[in-house]
Ligand SMILES: Cc1cc2nc3c(=O)[nH]c(=O)nc-3n(C[C@H](O)[C@H](O)[C@H](O)COP(=O)(O)OP(=O)(O)OC[C@H]3O[C@@H](n4cnc5c(N)ncnc54)[C@H](O)[C@@H]3O)c2cc1C
């Protein structure tokens, strides 16, 4: 079995890998570049694949208790009329459910699990140099310290430094043409499940993230990728929400402070196979960064961590394990990334047909297959 492993990046993917490896007896060091190990204060939607992965990791009860997990969604017209409320399956499994949670809360659940597993965590640290030979990887950190590892896992996100070290010619993240606004607000009581508003000038959805909070997301077509100064954000978001009815006007009234708002231009990246070079492997956004159209980026990052640990336990040789990991992961990641980007393209082209909802439904159905 594999010996000492370094995980670079303590996001959902890196922490899942670290916890899963530690539990099968691997000695794990985890580093994160952020000295405070923070995440920004937006909500995150959790689909069935995220919930199934959290279940496998043993944190689903905490996610249920501190976030919002349920089955079913509600479709509305832009003016707020309910047009769709599919029946909730009896006794739904995690894979049939969905919900939302604040990112800092999910981070706290995962990072306290990392600490409870006594994984050696060092913060404010990056890799300076990687030197591989047949038997291991010699890592020099940017504080001058060093270590030798059997495996290095690059889980350092969309702008991965480890990716550029092992694949200097790898494709760079590409801007899609859309920007994502996320707003945290008090939850109107009637918003008891995900609500999607169709037919408006922008795509808008609301997702509960706890007993009394919700987050709203808006996807805006911004082909020139403009910079939005903080001082203009409240006015801008309120203008985007103005044409909508239902619960939106009440949420709109409560937006007064740019601190409630998070804006990110959408970018994507799908690294061709393989995602490893020797004993260094990439997982999560470092290998496959997606847009939020399927709310499955965190789910596939967590699955990467679980599958990597399974394959390392199953194979004596690191190369065989990484090959088997790739065989299980590439198609699932490709499905999420390419179909998410395609749905965004349809939205930007103003395609109001049922093509995008059908693609979303079919992809979510395919993802229910075991990972
Ligand atoms: C606008 C937007 C909305 C989204 N909404 C959803 C959603 O609703 N649901 C969903 O499932 N997914 C969503 N996603 C995708 C999801 O956020 C990501 O897929 C997921 O967070 C990837 O996790 P990760 O662990 O691979 O990377 P990250 O979460 O990016 O974590 C990377 C970690 O590495 C650290 N790091 C970075 N560089 C270095 C370095 N050089 N050295 C050491 N550490 C480093 C960072 O500090 C960070 O802790 C969304 C993405 C965007 C852009």
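Once you order the gyration tensor axes a ≥ b ≥ c over the Cα atoms, which shape class does region 24-95 get: rounded for a/c under 1.5, otherwise prolate or oblate by comparing a/b with b/c?
Working: a/c = 3.68, a/b = 1.71, b/c = 2.14.
Verdict is oblate for region 24-95.
Given a Förster distance of 56 angstrom, what is the FRET efficiency for residue 323 paired with residue 253, based on the Cβ-Cβ distance and rounded to 0.05?
So, using R0 = 56 Å, E works out to roughly 0.50.
Cut-off 10 angstrom, C-alpha nodes, Gaussian network model of the chain. Which of 343, 101, 49 fluctuates the most?
In this elastic network of the chain, the residue with the biggest mean-square fluctuation among 343, 101, 49 is 343.
Determine the gain in length on full extension of the stretch residue 227-residue 88; use 0.36 nm per residue of separation and subtract their C-alpha separation, reporting nm with one decimal.
Working: separation 139, 0.36 × 139 = 50.04 nm, distance 4.13 nm.
Gain on extension, residue 227 to residue 88, equals 45.9 nm.
Calculate for the chain the 222 nm mean residue ellipticity that helices alone would give, adding -39,500 (n - 2.57) per DSSP H run of length 4 or more and normalising by residue count, nearest 500 deg cm²/dmol.
-11000 deg cm²/dmol
Suppose R0 equals 45 Å. What FRET efficiency, 1/(1 + (r/R0)^6) with r the Cβ-Cβ distance, do residue 1 and residue 73 give to the nearest 0.05?
That pair, residue 1 with residue 73, gives E of 0.60.
Roughly what angle does helix 318-348 make with the longest principal axis of the chain, taking Cα atoms, 0 to 90 degrees, to the nearest 10?
20 degrees
Kindly provide log₁₀ I(q)/I(0) values, in the same order as q = 0.11, 0.15, 0.16 Å⁻¹, from the Debye equation applied to equal alpha-carbon scatterers of region 175-266.
Here the Debye-derived log intensity ratios amount to -0.28, -0.53, -0.61.
Could you state the number of Å between the C-alpha centres of region 162-197 and region 202-271?
A separation of 11 Å, based on Cα centres.
Helix 230-241 against the longest principal axis of the chain: what's the angle in degrees, Cα atoms only, rounded to the nearest 10?
50 degrees
Can you tell me the FRET efficiency between residue 351 and residue 115 if r is taken as the Cβ-Cβ distance and R0 is 45 Å, rounded to the nearest 0.05?
The calculated FRET efficiency here is 0.45.
What is the gain in length, in nm to one decimal, between residue 170 and residue 334 on full extension, counting 0.36 nm per residue of separation less the C-alpha to C-alpha distance?
Roughly 57.4 nm would be gained on extension.
Relative to the first principal axis of the alpha-carbon coordinates of the chain, what is the inclination of helix 103-116, with its axis defined by its Cα atoms, in degrees from 0 to 90 and to the nearest 10?
30 degrees
According to the Kirkwood expression over distinct Cα-Cα pairs, how big is the hydrodynamic radius of the chain, in Å?
Taking the inverse mean of 1/r over all distinct Cα pairs, the chain comes out at 21.2 Å.
Working out 0.36 nm times the residue gap between residue 235 and residue 146, then minus their Cα-Cα distance, what length gain in nm do you get to one decimal?
So the chain would gain 27.1 nm between residue 235 and residue 146.
Quick one: check the C-alpha center-to-center distance for region 319-333 versus region 1-70, whole angstrom.
Between the Cα centre of region 319-333 and that of region 1-70, the gap is 20 Å.
Read the figures in this text as sums done on the coordinates, not as results from a lab. Predicted, not measured: the structure shown is a model, and the values here were computed from it. Backbone-built Cβ (ideal geometry, glycine too); neighbour counts: all protein chains shown.
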